[in-house]
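The values are calculated or read from the model by the stated rules, or taken from the named source; none is laboratory data. If you're wondering where the values come from, they're calculated on a predicted model, not measured in any experiment. FYI the Cβ positions are ideal-geometry reconstructions off the backbone, even for glycines, and counts take in every protein chain you see.
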Amino acid sequence: MAILPIITVPDPLLKKKSKPVDKVDDKLRTFMDDMLETMYDAPGIGLAAVQVGKLWRILVMDLAPDGEDPDPKYYINPEITWTSEEMNIYNEGCLSIPEQYADIERPAECKVKFLDYNGEENEIHVEGLLATCIQHEMDHLEGIVFIDYLSKIKRGIYVRKVKKLVKEKEE
Ligand code: GNR
Ligand code: NI
């Protein structure tokens, strides 16, 4: 297992669309386990492959509360097949926009079709934080981050803060 570096805004890779995975094999499973370890180390509740520099349609997530057993989830080539009319607002964060948060409105529930860790097709109906998190991660696969929903002025402020933070950590 390995902890991979997480890229941050304004890295141009975060704006790119990720490509579907064509084979779920042991090599890919090793990479997904590295993603999961990177996410736990950060710590975060979700991670898209692009955040560790690979433009592949892969997400990992674990929403188990602190102190409880881990509950790792892997979503390969995920597609949203349905979203609810009802919306939800959640104060979102992103490992690629460290220490910054904003209220983002998204459909409260959705259905997601994906391949699992074994390459088997699945479809799930999700709500609550899981629905928010999956949609946040799916946005990464399209080159979108949560600050793209804010005004240009606010987005600029967030990017400037992240640049400063990253620079301070390098020193
Ligand atoms: O760790 C994370 N927390 C979070 C909180 C609210 C909504 C979405 C997220 S995902 C984020 C990790 C991340 O950046 N995933 O892309
Ligand atoms: Ni994110």
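At a glance:
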| quantity | calculated |
| --- | --- |
| Residue among ASP41, ASP116, ASP11, ASP33 that is more than 16 Å from ligand 1 (Cβ to nearest atom), modelled with pLDDT of 95 or more and either within 20 Å of ILE144 (Cβ to Cβ) or out of contact with any strand residue (DSSP E or B) (no Cβ under 7 Å at 6 or more places or on another chain) (or both) | ASP33 |
| Cross-chain or 6+ apart pairs with Cβ under 6 Å, region 144-162 first and without any contact (Cβ under 8 Å) to a residue 12 or more places away in the chain, then within 16 Å of ligand 1 (Cβ to nearest atom) | ARG155/ILE147 |
| Subset of region 26-53 [in contact (Cβ under 8 Å) with a residue 24 or more places away in the chain and assigned to a loop (DSSP other than H, G, I, E, B)] | ALA42, GLY44, ILE45, GLY53 |
| Answer residue from region 74-87, given it is in a loop (DSSP other than H, G, I, E, B) and loosely packed, with under 13 Cβ neighbours inside 10 Å and is farthest from ligand 2 (Cβ to nearest atom) among those | GLU85 |
| Restricting region 129-152 to residues that are surrounded by fewer than 18 Cβ atoms within 10 Å (Cβ to Cβ) and either assigned to a helix (DSSP H, G or I) or of a type in the set (A, V, I, L, M, F, W, C) (or both), the residue that is farthest from ligand 1 (Cβ to nearest atom) | LYS152 |
| Restricting region 153-168 to residues that are of a type in the set (Val, Ile, Thr) and surrounded by 15 or more Cβ atoms within 10 Å (Cβ to Cβ), the residue that is farthest from GLU86 (Cα to Cα) | VAL162 |
| Residue that is farthest from ligand 2 (Cβ to nearest atom) [pool: residues in region 137-165 that are more than 24 Å from LYS17 (Cβ to Cβ) and among the aliphatic types (A, V, I, L, M)] | ILE153 |
| Test: residue in region 88-111 that is more than 9 Å from ligand 1 (Cβ to nearest atom), under 12 Å from the mean Cα position of the chain (by Cα), assigned to a strand (DSSP E or B) and over 19 Å from VAL9 (Cα atoms) | no |
| Neighbours by Cβ (under 6 Å, 6+ apart or cross-chain): first from region 110-138, within 24 Å of ILE89 (Cα to Cα) and in contact (Cβ under 8 Å) with a residue 24 or more places away in the chain; second within 16 Å of ligand 1 (Cβ to nearest atom) and assigned to a helix (DSSP H, G or I) | CYS110/ALA131; VAL112/ILE134 |
